[in-house]
Amino acid sequence: MRIPNLTTTDTLLRNLQSLDQQQLKLQQQASDGQKISTADEDPTTMSRVLRLETDKREMVQFRRNAGHALDVANASFSALQKMEDLVARTMEITRLTSSGLNPNAFATYAKEIGQIREEALVRSNGSFNGKFLFGGAADDVRPYDENFAFSGNRTDLAAASTKVYVAEDTVVTPHLHVAASDEEDFFASFFEDIEELEGALNEADEGYKTEDEALINTGVTRINTVGRNLLKTEDKLVDNIGDMSAKVYRIEMAKSHDDEWFLQVENRISREVDADITETIVKLNQARTAYQAALQ
């Protein structure tokens, strides 16, 4: 049975067109390195890729949240460490003056305590990126005013949430918690201790200047009392430092997990959509050979 020339020609043209399209597709893959460019080419694969892209966007947000939270927590931790230096120096001054045997030092140490108080106020109002660190949710208001008093509503701020998601199902609060009262607040306690110590030093100095033994004894007694109170204040600071250290560690672990998971998602997307260049070139050469044979 003879095959009409028209049928043979149509078949040949369809084959040539198919081979030509195959070459164009392979050339495109070799050019941009992508196996698929539109959803209709491979709907199943594209569906998986879209889900992975959604996961990737979530990971990007988690990583951004974790990065910011880590910066805030580290800044808070650093500020508390500076406060630790101030507490240590204040305690040293109480030890040096607690015996009352060095009368000439009272006035000098009183001036130094005044400077420590000013520096403590600066540290207590520490900020990061224009946001105050120790005011809880009220990060746009100075936590401690010029009278060394907490400026916000402790109950409301303690209840207000500053939590952020740093990973799936992982929520952290990067800020130091707001103490429920001045008695529980390290900064408030330290300001009170400093003010009392400065007054005690000045009182003892005045006693020596006026040769008033009773005044001297009263000042020295107050100094010793401040020394004991500073031990309690130091305990509060240690608790705060431990709290911030734990926050930093947890955020670092979450960020590490986010980075690892992000790379895994990227690799999975790459395996789905990235073309194997060597394999693509081999297929392209095969398509060109077939195309040339069909033309001949």
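The values are calculated or read from the model by the stated rules, or taken from the named source; none is laboratory data. The shown structure was predicted, so the numbers you read here are calculated from the model rather than taken from an experiment. Using ideal geometry, Cβ is built from the backbone for each residue, glycine included, and neighbour counts are taken over all protein chains shown. The accessibility values were calculated without ligands, DNA or RNA, using every heavy atom of the protein model including side chains. Shrake-Rupley method; radii C 1.70, N 1.55, O 1.52, S 1.80 Å.
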Only residues that are open to solvent by less than 30 Å² (accessible area, probe 1.4 Å), under 24 Å from the mean Cα position of the chain (by Cα) and of a type in the set (Ser, Thr, Tyr): list them for the range 44-91, please. Ser76
Gly126 - would you say it is surrounded by 17 or more Cβ atoms within 10 Å (Cβ to Cβ) and either of a type in the set (Lys, Arg) or modelled with pLDDT under 90 (or both)? no
Which is at pLDDT 95 or above, surrounded by 15 or more Cβ atoms within 10 Å (Cβ to Cβ) and farther than 30 Å from Glu260 by Cβ, of Ala120, Ala107? Ala120
Of the numbered conditions (1) surrounded by fewer than 17 Cβ atoms within 10 Å (Cβ to Cβ); (2) touching a Phe, Trp or Tyr at 6+ places or on another chain (Cβ under 9 Å), His175 satisfies every one except a single condition; which is it? (1)
Lone qualifier among Asn267, Asn224 - being assigned to a helix (DSSP H, G or I) and under 18 Å from Glu192 (Cα atoms): Asn224
For the range 143-165, give me each residue that is assigned to a loop (DSSP other than H, G, I, E, B) and within 21 Å of the chain's Cα centre (by Cα). Pro143, Ala160, Ser161, Thr162, Lys163
